[in-house]
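Working notes, beginning with the structure itself.
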Amino acid sequence: MTLHIDGRAIEATPGKSLRDLIAELGLDASALSQRPLAAKIAGEVFNLNYIPVREKDADPERPSIRRAMAASNGVVRLLRYNDQAGKEVYRRTAQFVLFLALHRLWPKAKTKMNCTLGAGLFISVTGAADFSEEKLKAEVKKIVSMDIPLLRKRITTEEAVQMFTASGQTDKARLLSWRAEPWFDYYSYEDYCDYFYGELAPSTGYLQVWDIIGAESGFVFMFPDNNAPDAVAQFQEMPRYFQVFSEGERWCQLMECETVADLNELTDTGRIRELIRVNEALHEKRYSQVADAICQRNIQAVMLAGPSSSGKTTSANRLATQLRVHGKKPVLMSLDDYYIDRDKIDPEPDGTIDFEHIRTIDTQLFGEHLRRLLAGEKVQIPSFNFCTGMREWRNHKMQLHSDSVIIVEGLHALNPVLIPEGMDAKRVFRLYVSPLIPLNLDDHNRIPTSYLRLLRRIVRDHESRGTTVQRTIGMWDSVRRGEARWIFPYQENADMLFNSSTLYELAVLKKHIFPLLLAIEPEDPCYEEVRAIVKVLNFVKEAEVDDEIPPTSLVREFIGGNSFYR
């Protein structure tokens, strides 16, 4: 069979792997930025150890062709670090190498993947008296130099539960007990076995660019720089983010829900209803604390920002309610109303328009309006019509009083360019909202914040905007690039960070999203992204508890029934 790998034709010799064929074509490279890490075939990601044509396929008496190769007509696209899917392969490979090294050095220690910190990954280590990042770094280097092949093996789910139980990984065994599929794939080396819910690189030698930095109770593993993958990213302190995430972990412990297996057991016993009530009470307490801080400082303007599907609108309204308790008269403003007319935005070099760019906001007009409002003047506020892509003036006039507080909600709200020059910064309170979910699949696999936000957005866009799964996922990379450029750099400048995640919502969202995901065919361009979502949701038990979720809940912003939208 003739393959077309990155547009170059080659005859697939039976028994040869993609890695072999890539080497024959001269497409392999020593630099990470150029080196293929995996391959996409008919919408699916494959390890480079994948054999396109098996020995039996060459037998004329047993004609056959592998499903993915047949579906793609032999077309193979190589994934490198600049591809999001390639980046995920590299990250999973790093996880395997890290936890293998930790197991070899401190087999009795408890290790847990906690959270990402910029381009780093914080992993906690307990029960290792002589732990040091120098010893760990040396062991990782050794494992990388050994270039151990990373071959996936398949066993029954029952055998996998027994295997992980015997190896002391009870967190994984508990998770797998909820798995409906009869089989399970895993990777192993010597007496260590693990899995990271997706493809790995062909061998440990592919882990070329990394560093390990010591931290309290563990370490931070640094990944390559996204813009220059041949160099390690620079470590950045994120004390506010880490503090809020650590607080979320304490919430997990308080509510006895630290992993998906815990969540499933709460759903199975009906105690998820108590989880919902406690989680919502914790949110209300946190909104009250934010309002207290605002009033203590006699703030006049709150700038509320956060990435897509963080619950910014609901947070603005719930904060307004708490401010009313203090006798304040909150006024809500949206930065969306200050969008520039679409036909006046200059396109990118490729002809597309980056709607996440700060230049899509009329920052000068907003700054002028904010200055005049805080000076007590009456101002006519614009409205943006998303259907026409044009600004409209609907005689919406606003004027503040001595007890008024403006709450400005929007993607760019923390960007300092929005604050007029000469304005007293002490009159402004900066609030960053993001669902920093502390729930793990198991000790070695966390659920990324971006994963939860994508689920929320798919459900909301489908339920309230009639947007297909394909379109929402198709826009997601652009959305995330915008967040990385325009939101995340300013989050540590916030006066407060608000964790808008709820521990129960995966069980609730599954009912709304799962049928939509299962309808996506393998030929669809977003199929691999959908598979990644499904892999996690396959472990989550669906909960029929919508009646328990209050109408002011952040979750209601996405599943419907939010009283602030009536």
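The values are calculated or read from the model by the stated rules, or taken from the named source; none is laboratory data. Since the structure is predicted, the reported quantities are computational estimates derived from the model, not experimental observations. Positions of Cβ are backbone-derived with ideal geometry, glycine not excepted, and every protein chain shown enters the neighbour counts. Just the protein is used for accessible areas: all its heavy atoms, side chains included, with ligands, DNA and RNA removed. Shrake-Rupley method; radii C 1.70, N 1.55, O 1.52, S 1.80 Å.
Side notes on the structure shown:
- Contact map, region 500-528: first residue assigned to a helix (DSSP H, G or I), second residue modelled with pLDDT under 90 and of a type in the set (D, E, K, R), Cβ cut-off under 8 Å, separation 6 or more or different chains; pairs are His512/Glu463; Tyr527/Glu44; Tyr527/Glu521; Glu528/Glu44.
- Strands (runs of 3 or more DSSP E) fully within region 135-202 that include at least 1 residues being touching a residue at least 60 places away in the same chain (Cβ under 8 Å): 183-189, 192-194.
- Test result for Pro382, modelled with pLDDT of 90 or more and touching an Asp or Glu at 6+ places or on another chain (Cβ under 6 Å): yes
- Selection of region 384-418 for residues being within 13 Å of Leu304 (Cα to Cα) and either open to solvent by 70 Å² or more (accessible area, probe 1.4 Å) or not acidic (Asp, Glu) (or both) yields Val405, Ile406, Ile407, Val408, Gly410, Leu411, His412, Ala413, Leu414, Asn415, Pro416, Leu418.
- Unique residue being within 24 Å of Asn538 (Cα to Cα), in a loop (DSSP other than H, G, I, E, B), open to solvent by less than 30 Å² (accessible area, probe 1.4 Å) and at pLDDT 90 or above when the list is Leu436, Leu454: Leu436
- Selection count where residues are in contact with a helix residue (DSSP H, G or I) (Cβ under 8 Å, 6 or more places away or on another chain), open to solvent by 10 Å² or more (accessible area, probe 1.4 Å) and not in a helix (DSSP H, G or I), scope region 77-101: 1
- Unmet requirement for Gly306, which otherwise passes all of (1) surrounded by fewer than 20 Cβ atoms within 10 Å (Cβ to Cβ); (2) under 30 Å from the mean Cα position of the chain (by Cα); (3) touching a residue at least 12 places away in the same chain (Cβ under 8 Å): (1)
- The criterion of being crowded, with 20+ Cβ neighbours inside 10 Å, touching a residue at least 60 places away in the same chain (Cβ under 8 Å) and under 26 Å from Arg485 (Cα atoms) does not hold for Leu332.
- Tally, over region 16-55, of residues that are over 24 Å from the mean Cα position of the chain (by Cα), surrounded by 14 or more Cβ atoms within 10 Å (Cβ to Cβ) and at positive phi: 1
- Filtered by the rule that a residue be surrounded by fewer than 20 Cβ atoms within 10 Å (Cβ to Cβ) and either within 23 Å of Lys40 (Cα to Cα) or in contact with a Ser or Thr (Cβ under 6 Å, 6 or more places away or on another chain) (or both), region 188-197 gives a lone residue, Tyr197.
- Val125 within 29 Å of Thr449 (Cβ to Cβ), buried (at least 17 other Cβ atoms within 10 Å of the Cβ) and under 23 Å from the mean Cα position of the chain (by Cα): no
- Single match in Gly127, Gly168 (criterion: touching a strand residue (DSSP E or B) at 6+ places or on another chain (Cβ under 9 Å) and small (Gly, Ala, Ser)): Gly127
- Counting the residues of region 539-565 that are surrounded by fewer than 20 Cβ atoms within 10 Å (Cβ to Cβ), among the small types (Gly, Ala, Ser) and under 14 Å from Ser501 (Cα atoms) gives 0.
- Lone unmet requirement of (1) under 30 Å from Glu44 (Cβ atoms); (2) in contact with a strand residue (DSSP E or B) (Cβ under 7 Å, 6 or more places away or on another chain); (3) assigned to a helix (DSSP H, G or I); (4) of a type outside the set (D, E, K, R) for Phe539: (3)
- Enumeration of residues in region 341-363 that are open to solvent by 30 Å² or more (accessible area, probe 1.4 Å), within 24 Å of Pro489 (Cβ to Cβ), touching a Phe, Trp or Tyr at 6+ places or on another chain (Cβ under 9 Å) and not aromatic (Phe, Trp, Tyr): Glu356, Asp362, Thr363
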